[in-house]
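Visitor: First the structure, then my questions, so here it is.
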Amino acid sequence: MMIQRKQEKIQRIKLMILTKNYFSSYFPLSIQMISLYINSSDIKGIKRQFSNLKETELQVIYIKEIEMIYLQDGELLRCDEIQDFYDKPQIMKDLQQIKQLNWHGQYNLNSQKEGKWYPTWKGEKLDAGGDYLQNGLKNGEWKKLSQNLWDKAQVFEKGKYENNKKCGIWYIIHNNQLLNYNLTIINR
């Protein structure tokens, strides 16, 4: 019974999103048509309690080439507009990152990332990011966020990209201290 109510709620959200934001209310929609544009999946996310990680249930609704929506227990956590149609959207799984992490930069006329991009955490600019070429590829010096970034541990990778591929020495930095480094060799 609970699963059925959950599925009905998902369908209502899908219909609301499509009818309210992207289609005229005069245009009839069928469930088959909606399923072509919307994928919904339950994922295992992670939630931090002090320094421990716990699994948590999240729902991601992906509206083809339009938006990615994150829900937990019916609460809207995040809604990302999809700008770069060439880049496959990454699904975030860390609850704190879903709520607190955002990237800022420009898109070119081809809807690809271009120029300087940087992240913010809880609205504060982080000392991280890098540059994209006109074709949407990472290039030059980058300071990447670790998948394990959170309030108590700022972990970064710092190195160089050449045409979207890591090259040279990459450093792992935790709370502004060097932890490790890796040498990455590109085969040309």
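Visitor: Take the residues in region 43-77 that are modelled with pLDDT under 85 and aromatic (Phe, Trp, Tyr); name whichever of them is nearest to the chain's Cα centre (by Cα).
Guide: Tyr62
Visitor: Checking Ile172 against (1) under 28 Å from Thr56 (Cβ atoms); (2) under 20 Å from the mean Cα position of the chain (by Cα); (3) of a type outside the set (Lys, Arg), which test does it fail?
Guide: Answer for Ile172: the failing condition is (2).
Visitor: Could you list all residues from region 90-110 that are modelled with pLDDT under 95 and either surrounded by 15 or more Cβ atoms within 10 Å (Cβ to Cβ) or touching a helix residue (DSSP H, G or I) at 6+ places or on another chain (Cβ under 6 Å) (or both)?
Guide: Selection gives Met92, Lys93, Asp94, Leu95, Gln96, Gln97, Ile98, Gln100, Leu101, Asn108.
Visitor: What is the residue count in region 128-141 for residues that are part of a loop (DSSP other than H, G, I, E, B) and of a type outside the set (S, T, N, Q)?
Guide: 4
Visitor: A follow-up question, please. Within the set of pairs 6 or more residues apart or between chains, which connect a residue that is at positive phi inside region 60-80 to a residue that is outside any loop (DSSP other than H, G, I, E, B) and surrounded by fewer than 18 Cβ atoms within 10 Å (Cβ to Cβ) with Cβ atoms less than 7 Å apart?
Guide: Gly74/Lys9
Visitor: Do we find that Tyr161 is under 26 Å from Leu53 (Cβ atoms), of a type in the set (Phe, Trp, Tyr) and either in contact with a helix residue (DSSP H, G or I) (Cβ under 6 Å, 6 or more places away or on another chain) or surrounded by 11 or more Cβ atoms within 10 Å (Cβ to Cβ) (or both) in this structure? Before you say what the answer is, go through the steps one by one.
Guide: Numbers: under 26 Å from Leu53 (Cβ atoms): no; of a type in the set (Phe, Trp, Tyr): yes; either in contact with a helix residue (DSSP H, G or I) (Cβ under 6 Å, 6 or more places away or on another chain) or surrounded by 11 or more Cβ atoms within 10 Å (Cβ to Cβ) (or both): yes.
Criteria not met by Tyr161.
Visitor: Could you figure out which of (1) exposed (fewer than 12 other Cβ atoms within 10 Å of the Cβ); (2) in contact with an Asp or Glu (Cβ under 9 Å, 6 or more places away or on another chain) isn't true of Lys113?
Guide: Lys113 satisfies every listed condition except (1).
Visitor: Right, here's the next one. Return yes when Asp131 is touching a Phe, Trp or Tyr at 6+ places or on another chain (Cβ under 8 Å) and touching a residue at least 24 places away in the same chain (Cβ under 8 Å) and no when it is not.
Guide: no
Visitor: Which members of region 41-77 meet the condition of being crowded, with 16+ Cβ neighbours inside 10 Å and among the small types (Gly, Ala, Ser)?
Guide: Correct list: Gly45 only.
Visitor: Which one of these is under 28 Å from Leu58 (Cα atoms) and either modelled with pLDDT under 90 or in a strand (DSSP E or B) (or both): Lys144, Lys160, Lys166?
Guide: Answer to the check: Lys144.
Visitor: Now a separate question. With the condition kept exactly as written, say whether any residue in region 112-127 is in contact with a Cys (Cβ under 6 Å, 6 or more places away or on another chain), among the charged types (D, E, K, R), in a strand (DSSP E or B) and without any contact (Cβ under 8 Å) to a residue 60 or more places away in the chain.
Guide: Among the residues of region 112-127, not one is in contact with a Cys (Cβ under 6 Å, 6 or more places away or on another chain), among the charged types (D, E, K, R), in a strand (DSSP E or B) and without any contact (Cβ under 8 Å) to a residue 60 or more places away in the chain, which makes the answer no.
Visitor: To continue, here is another question. Taking region 54-77 as the region of interest, how many residues are touching a helix residue (DSSP H, G or I) at 6+ places or on another chain (Cβ under 8 Å), within 17 Å of Lys44 (Cβ to Cβ) and among the charged types (D, E, K, R)?
Guide: Of the residues in that region, 0 qualify.
The values are calculated or read from the model by the stated rules, or taken from the named source; none is laboratory data. Remember, predicted model here, so these are calculated numbers, not experimental data. FYI the Cβ positions are ideal-geometry reconstructions off the backbone, even for glycines, and counts take in every protein chain you see.
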